[in-house]
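Chemist: Okay, handing you the structure first.
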Amino acid sequence: MTADEPREIRLAEDDLPEPGQISVVQIRHHRVGIMRVADDIHALADRCPHRGAPLCSAGEIVTEIERLADGTLQLGQEGALIRCPWHKWDFETATGRCPADAHMRVRRYAVRREGGDIIVSLDSPGKVDGPAQ
């Protein structure tokens with residue numbers, strides 16, 4: 001790896017995955033999963049923090065089931081979680097957080113829109129928990 005290698009990748013809107021799908025790109029030596037939830041684009045490391053599984057390249061997008069205060073169940077936002085292929089741990093695609101263990105978190109990458117393209121960068125997205133607009 002050299003200092004002049006790009007720290008970001010530009011993707012045309014048409015090249016983005018459909019909701020419920022994952023595209024994996026390489027930026028330097030980092031494998032990054034690109035996901036779409038509704039109109040929001042998220043980028044996560046292709047590595048489960050639990051045991052190092054290939055989270056994005058072998059995991060699947062799933063929908064959370066939420067328990068309401070009255071005990072009934074309802075579906076959460078469609079495709080808002082990615083499930084690890086090895087131990088079935090779920091992680092929020094928007095934040096990288098694991099709903100079952102607050103200490104587990106997948107690394108997120110910065111995503112921004114520029115014209116008709118999406119730019120995914122190795123830079124930290126900061127503390128913003130929301131998606132790229």
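Chemist: Of all residues in region 26-74 being in contact with a helix residue (DSSP H, G or I) (Cβ under 9 Å, 6 or more places away or on another chain) and charged (D, E, K, R), which is surrounded by the fewest Cβ atoms within 10 Å (Cβ to Cβ)?
Modeler: For region 26-74, the residue satisfying everything is Arg31.
Chemist: Here's a follow-up. May I ask you to say which residue of Glu66, Glu78 is out of contact with any Cys (no Cβ under 9 Å at 6 or more places or on another chain), over 23 Å from Asp117 (Cβ atoms) and assigned to a strand (DSSP E or B)? I'd like the intermediate steps shown before the answer.
Modeler: Details: Glu78 fails: assigned to a strand (DSSP E or B).
Of the residues listed, the single one that is out of contact with any Cys (no Cβ under 9 Å at 6 or more places or on another chain), over 23 Å from Asp117 (Cβ atoms) and assigned to a strand (DSSP E or B) is Glu66.
Chemist: State all residues of region 50-63 that are in a loop (DSSP other than H, G, I, E, B) and farther than 18 Å from Leu16 by Cβ; if no residue qualifies, say none. Can you show your working first?
Modeler: Let us first name the residues in region 50-63 that are in a loop (DSSP other than H, G, I, E, B), namely 50-54, 59, 63.
Matches in region 50-63: His50, Arg51, Gly52, Ala53, Pro54, Thr63.
Chemist: Same structure, new question: Out of the residues in region 1-25 meeting the condition of being touching a residue at least 12 places away in the same chain (Cβ under 8 Å), not charged (D, E, K, R) and not in a strand (DSSP E or B), tell me which one is surrounded by the fewest Cβ atoms within 10 Å (Cβ to Cβ).
Modeler: Met1
Chemist: Still on this structure, I have one more. Residues in region 97-131 that are at pLDDT below 90 and either under 20 Å from Gln26 (Cβ atoms) or of a type in the set (Val, Ile, Thr) (or both): how many?
Modeler: 4
Chemist: Okay, next question. Scan region 93-107 and give yes if some residue there is assigned to a strand (DSSP E or B) and over 20 Å from Pro125 (Cα atoms), otherwise no.
Modeler: At the first step, the residues of region 93-107 found to be assigned to a strand (DSSP E or B) are 97-98, 101-105.
Remaining after also requiring over 20 Å from Pro125 (Cα atoms): 101.
Yes, region 93-107 contains at least one residue that is assigned to a strand (DSSP E or B) and over 20 Å from Pro125 (Cα atoms).
Chemist: Being touching a His at 6+ places or on another chain (Cβ under 6 Å) and assigned to a loop (DSSP other than H, G, I, E, B) is the filter here; which residues of region 30-49 pass it?
Modeler: Quick first cut of region 30-49, residues touching a His at 6+ places or on another chain (Cβ under 6 Å) only: 35.
Selection gives nothing.
Chemist: Here is a further query. Looking at region 38-61 only, could you name the residues that are under 22 Å from Glu8 (Cβ atoms) and either acidic (Asp, Glu) or in contact with a Leu (Cβ under 8 Å, 6 or more places away or on another chain) (or both)?
Modeler: Result: Asp39, Asp40, Ile41, Leu44, Ala45, Asp46, Arg47, Leu55, Cys56.
Every residue, every condition in (1) of a type in the set (Gly, Ala, Ser); (2) out of contact with any strand residue (DSSP E or B) (no Cβ under 6 Å at 6 or more places or on another chain); (3) modelled with pLDDT of 90 or more; (4) closer than 24 Å to Glu8 by Cα, yes or no:
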{"site": "Ile27", "(1), (2), (3), (4)": "no, no, yes, yes"}
{"site": "Arg36", "(1), (2), (3), (4)": "no, yes, yes, yes"}
{"site": "Thr63", "(1), (2), (3), (4)": "no, no, yes, no"}
{"site": "Arg83", "(1), (2), (3), (4)": "no, no, yes, no"}
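The values are calculated or read from the model by the stated rules, or taken from the named source; none is laboratory data. Every value quoted in this text rests on a predicted model; they were computed, and no experiment measured them. Virtual Cβ from ideal backbone geometry, glycine too; neighbours counted across all protein chains shown.
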